[in-house]
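First comes the structure, then the notes that go with it.
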Amino acid sequence: MGIEIKTVGVIGAGQMGSGIAHVCSNAGFNVRLNDLSEERINAGLATINGNMARQVSKGAITEADRQTALERIKPARTYDDLGACDIVIEAATENEEVKRKIFTNLCPSLRPDAMVATNTSSISITRLAAATDRPEKFIGIHFMNPVPVMQLVELIRGIATDDATYESSKEFIHKLGKTSTAAEDFPAFIVNRILLPMINEAIYTLYEGVGSVEAIDTAMRLGANHPMGPLQLADFIGLDTCLSIMQVLHEGLADSKYRPCPLLVKYVEAGWLGRKTKRGFYDYR
Ligand code: CAA
């Protein structure tokens, strides 16, 4: 048996990290939220506050639940502030070097029995595990965006992940009220292996002039019953993240069918990253 999880550390207070902290505190876990600066942590806390207020207005939680859940989340300014955590989930930028550096610097601050997880959406769990001092206690726990709404969490073992870590993680996801699905450690796992080539194809469809942004999104919303059109979804995920995932697929599977669309590359080079920069396929300014 693995350790019982009571306190969860989250590294990265952005879109995914704040969502993970949110659902963990709603489920009664103590949360320690870390990012590069006090400003980023505070921005993450403000996002959580806003999303919990939305849940109160929808009647999903009470105002008292919101207050206690917010109190359970404490800022962690340094990795030493994560020292009491039973599990630390990394949700930093989708960049292998950034993630490896975090794990190397983080591990000396943790208890020897603490688990370490990554929310990577595409990078090899086995390779990331090798940057830690505990590959057997390392696992991929991949949440979907928006985390408070999406039911699925992908669970991915690295080559060395032990059964106790897998079982504890599965139980943890269950306590969050979510459903886990097992994926093998292949580039982009299951959801993004299927979803991102679809989004990339939508961008090619735009690039080749087959349809306008609005036509492509309307076609897929009303023609395939997707809740969002693929270009709207790309803006929502972040075009930099979409490009990173396509690059991991392209390099990892060495197949030209995963070649990132040149238009996606150009938008990222322009700094048009979607909603977070207020400009992507749509203009949010
Ligand atoms: N926090 C809390 N609640 C939220 C929320 C948030 N951030 N965002 C939306 N909600 C809630 C709303 O309050 C609403 O609740 P009720 O059903 O109780 O009314 C519900 O979610 C639906 O929201 P809205 O009515 O505002 O809007 P919508 O009906 O258009 O749904 C959506 C929004 C849930 C995001 C929907 O458009 C959707 O499912 N889109 C697709 C999302 C998707 O595909 N995500 C996967 C991305 S890929 C990924 O994450 C993997 C990766 O690694 C890149």
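We did not get these values from a lab; they are worked out from the coordinates using the rules stated. Quick caveat, the model's predicted, so the values are computed rather than measured. Here Cβ is always computed from backbone atoms with ideal geometry, including for glycine, and neighbour counts include all displayed protein chains.
Things worth noting here:
- Each listed q (0.08, 0.09, 0.15 Å⁻¹) maps to a log10 I(q)/I(0) for the chain, found by the Debye formula over equal Cα scatterers with no solvent: -0.34, -0.43, -1.17.
- Sequence-distant contacts, meaning Cα pairs under 8 Å at least 6 residues apart, place the relative contact order of the chain at 14 percent.
- Inverse mean reciprocal Cα-Cα distance (Kirkwood Rh) of region 1-100, Å: 13.7
- Relative contact order (percent, whole number), region 134-255, Cα cutoff 8 Å, 6+ residue spacing: 19
- Global form of region 43-115, assessed from the alpha-carbon gyration tensor, a/c cut-off 1.5: prolate
- A DSSP coil position with no more than 13 other Cβ atoms inside 10 Å describes the following GluC sites (Glu not before Pro) in region 126-200: Glu184.
- Sequence of Thr78, Thr241 once ranked by neighbouring C-beta atoms within 10 Å, starting from the fewest: Thr78, Thr241
- Convex hull volume of the Cα atoms of region 191-285, normalised per residue: 93 Å³.
- The DSSP beta bridges internal to the chain are antiparallel in roughly 20% of cases.
- For region 134-194: rounded, prolate or oblate by the Cα gyration tensor [a/c cutoff 1.5]: oblate
- Comparing Gln55, Gln232, Gln15 in a Gaussian network model of the chain (Cα springs below 10 Å), the most mobile by mean-square fluctuation is Gln55.
- Fewest-first sequence of His142, His250 by Cβ atoms within 10 Å of each Cβ: His250, His142
- Too-long pairs where the Cα-Cα distance tops 30 Å, listed order kept, from Lys58/Lys266; Lys175/Lys278; Lys74/Lys137; Lys6/Lys99; Lys99/Lys175: Lys58/Lys266; Lys175/Lys278
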